[in-house]
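Notes follow the structure.
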Amino acid sequence: MSTRERDWYQRAGVRGGPRRRLTDELDTGRTFFPTALVPYLDHPRVAELGEASRRELLARHLFQYLDFTAQFETRVVNRATERIAGNRCGVETGAEVRLDAYRIYCDEGYHSLYSFDVVQQVARASGVAPLPYDFGPFLQRLDAVGTEALPYEPALAQLLQVVVFETLITAVLSDIPKDPDVLTVVRDIVRDHAKDEGWHHMFFSHFFRELWAQESARSRGRIARCLPDLIRCSLLPDLRPVRASLAAAGLAPDVVEDVVHDSYPPASVDQGIRRASRHAVRLFEEVGAMAVPGGAEAFEAAGLLP
């Protein structure tokens, strides 16, 4: 048994982690989500709604984040991870890589399970009902990037989606566990998730190097030109649930649009994307994606280079 096998069977959350439960903290002043990560919360028109409405907005923002996580892990990450595990990914890998892919498949399913579990716990205890969430439009937009850049290679496009997402470093995974004002159950599951994702990051970074090494020069060019759009698509804020939550709080449609416009200015969104993608961009630069024809230009056009 390899060291990684021993580490996974002993340390993976799905193997030994406890079920995280909401304790009696809702009346202690703890928040559902870090206020600094909710751009619209301090907008003047939102502040006018009062503390009770802002509390509900925070709860729904948590639900949106966890709903997205549950859907993304199963419908995007595991869609590609199963290809690697089942030896149908088009990349020559050894048995150990396939075993690791099966382990990641288990991890991601567990992340989805406890994300949905905490939504249900918090909703019941707080009395704030989650709004319906349709992951379909995001998935369609993400798949459209691959279809356009790699129209005859859907499996490759799905692999690149996961490589991109698993090598991004978002503020949520790093900031929430350190925020003492956030509910303990939320901090715990995000910390659990981040712990597993650190290993997933290493796996997919290595996997991409193997994938890149086995591709032809022509295919590398298509991959390099596809990656920036996948990064942007993965990190652009999904504003549909934001609009729905603001409307549920009682804001009129024109006010909702004003709040969204003011809270997500393009310059700030672009800055956040560059910050979250810096490790992924460094990986792609190290393998040579910037050196192929059109590669550097695609990353520059997407605003991903300093």
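Here, each number is a calculation from the coordinates, and none is a lab measurement. Source: prediction; values computed, not measured. Note: ideal-geometry Cβ built from the backbone for every residue, glycine included; neighbour counts use all protein chains shown.
In degrees between 0 and 90, to the nearest 10, how far off the longest principal axis of the chain does helix 154-166 point, with axes built from Cα atoms?
Computed tilt is about 60 degrees.
How high is the relative contact order of the chain, in percent, counting Cα pairs under 8 Å that sit 6 or more residues apart? Write down the numbers at each step before the final one.
Numbers: 329 pairs, mean separation 70.7, N = 306.
For the chain, the relative contact order is 23 percent.
Between LEU239 and LYS195, with labels modelled 7 Å along Cα→Cβ, what's the label distance in nm to one decimal, could you check?
3.8 nm
Binning at 5 angstrom from zero up to the longest distance, how are the C-alpha pair distances of the range 39-301 distributed in percent?
Histogramming the range 39-301 at 5 Å steps yields 1, 5, 12, 16, 18, 16, 12, 9, 6, 3, 1, 0 percent.
Where does helix 266-287 land angle-wise versus the long Cα axis of the chain, in degrees 0 to 90, nearest 10?
30 degrees
Find the all-direction average of the projected area of the Cα convex hull for the range 182-306, expressing the result in square nanometres with one decimal place. Don't jump to the answer; show the numbers that get you there.
Numbers: hull surface 40.0 nm².
Hull-based average projected area comes out at 10.0 nm².
Want the number for GLU285 to ARG75: 0.36 nm per residue separation, take away the alpha-carbon distance, what's left? Don't skip to the answer; put the middle values down first.
Values: separation 210, 0.36 × 210 = 75.60 nm, distance 2.80 nm.
Taking GLU285 through ARG75 to full extension adds about 72.8 nm, to one decimal.
Note the full-extension length gain between SER174 and LEU131 as 0.36 nm times their separation in residues minus their Cα-Cα distance, in nm to one decimal. Show your work: numbers first, answer last.
Numbers: separation 43, 0.36 × 43 = 15.48 nm, distance 2.61 nm.
Taking 0.36 nm per residue and subtracting the Cα distance, the gain is 12.9 nm.
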